[in-house]
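Have a look at the structure below before the remarks.
The values are calculated or read from the model by the stated rules, or taken from the named source; none is laboratory data. Just so it is clear, the model here is predicted, and its values are computed rather than measured. Here the Cβ positions follow ideal geometry from the backbone for every residue, glycine too, while neighbour counts run over all protein chains shown. With ligands, DNA and RNA removed, areas are computed over all heavy atoms of the protein, side chains included. Shrake-Rupley method; radii C 1.70, N 1.55, O 1.52, S 1.80 Å.
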Amino acid sequence: QSALTQPASVSGSPGQSITISCNGSTSDVGVFKFVSWYQQRPDTAPKLIIFEGVERPSGVSNRFSGSKSANTAFLTISGLRAEDEADYSCSSYSLSGTLMFGGGTRLTV
Amino acid sequence: EVQLVESGGKIGQPGESLRLSCVASGFSLTNYWMYWVRLAPGKGLVWVSRITGDGENVYYGDSVKGRFLMSIDNAKNTVYLQMNGLRHDDTSMYYCGRGQSGVYYVELWGRGTMVAVSS
């Protein structure tokens, strides 16, 4: 059950845009639409911000967007705000029947 | 209010058993898939287990298969995680989560309960 690969950290200034990658394989990200992204601030529960690769739950800002190319999924945050500082994790269903998560990316604003 | 509240986390010794609970409020478990996901200090999220709302089908991650058992009590609207043969690397915050049936993402999370395994 190998984790999806994400950069350990990214940073940006307020107002800028950043993109976090999530590298999988032909057994998970590359074949399923079930890629999701989660935001987790310190000492709080994870929060779903993107599901099925590109969809946003009700109430999630449209500054958050998801995309996918081949075996890699991406999370883009535009118009960075201080409140966006958090850990971001990707997830995908896999052919093995497991739910894979990435190692998480710490965003510093 | 729609929410999940976990409990049962504690400090345990290697080899011991522990049972975590997750009480759901504001919705019926029968209509959803339920998950346990853990987060070890300094590490990424790891999927532990998933159960269908009727309790008929349960699936486990490789790291807990054969040691952990997930179950559901619809009368109490509660899911459980029976953790047997605890190991040091089971030390994590354990989160309960809800997902729609047939799709593979966690749309609602609890605040978690901490399990520490130490000799």
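The table below lists the values:
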quantity	calculated
Cross-chain or 6+ apart pairs with Cβ under 7 Å, segment B:96-112 first and facing chain A (nearest Cβ under 7 Å), then polar (S, T, N, Q)	B:TYR105/A:SER36; B:TYR105/A:SER91; B:GLU107/B:GLN100
Search result, residues across segment A:71-92 that are in a loop (DSSP other than H, G, I, E, B) and closer than 30 Å to B:GLY61 by Cα	A:ASN71, A:GLU85
Selection from segment A:72-107 of residues that are more than 18 Å from A:GLY12 (Cα to Cα) and either open to solvent by 50 Å² or more (accessible area, probe 1.4 Å) or among the charged types (D, E, K, R) (or both)	A:LEU95, A:SER96
Candidates A:THR19, A:THR72, A:THR44, A:THR26 - the one that is of a type outside the set (Lys, Arg) and either within 11 Å of chain B (Cβ to nearest Cβ) or in contact with a Cys (Cβ under 6 Å, 6 or more places away or on another chain) (or both)	A:THR44
Single condition B:ARG98 does not satisfy, out of (1) assigned to a loop (DSSP other than H, G, I, E, B); (2) within 29 Å of A:PRO57 (Cβ to Cβ)	(1)
Failed item, numbered, when B:MET70 is tested on (1) outside any strand (DSSP E or B); (2) under 23 Å from B:GLU107 (Cβ atoms); (3) more than 12 Å from chain A (Cβ to nearest Cβ); (4) open to solvent by less than 70 Å² (accessible area, probe 1.4 Å)	(1)
Residues of segment B:48-59 classified as open to solvent by 40 Å² or more (accessible area, probe 1.4 Å) and either aromatic (Phe, Trp, Tyr) or under 20 Å from A:LEU48 (Cβ atoms) (or both), total	1
Residue ranges of strands (runs of 3 or more DSSP E) in segment A:1-61 with at least 1 members open to solvent by 40 Å² or more (accessible area, probe 1.4 Å)	A:9-11, A:18-23, A:47-50
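Yes or no, residue by residue, for (1) among the hydroxyl-bearing types (Ser, Thr, Tyr); (2) under 15 Å from the mean Cα position of the chain (by Cα); (3) under 26 Å from A:VAL29 (Cα atoms):
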| site | (1), (2), (3) |
| --- | --- |
| B:TYR32 | yes, yes, yes |
| B:ARG50 | no, yes, yes |
| B:GLY61 | no, yes, yes |
| B:ASN74 | no, no, no |
| B:VAL79 | no, yes, no |
| B:TYR105 | yes, yes, yes |
| B:VAL115 | no, yes, no |
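Conditions tested, residue by residue: (1) open to solvent by less than 20 Å² (accessible area, probe 1.4 Å); (2) not in a loop (DSSP other than H, G, I, E, B).
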position	(1), (2)
B:GLY15	no, no
B:PHE27	no, no
B:VAL46	no, yes
B:LYS65	no, no
B:VAL79	yes, yes
B:GLY85	no, no
B:ASP89	no, yes
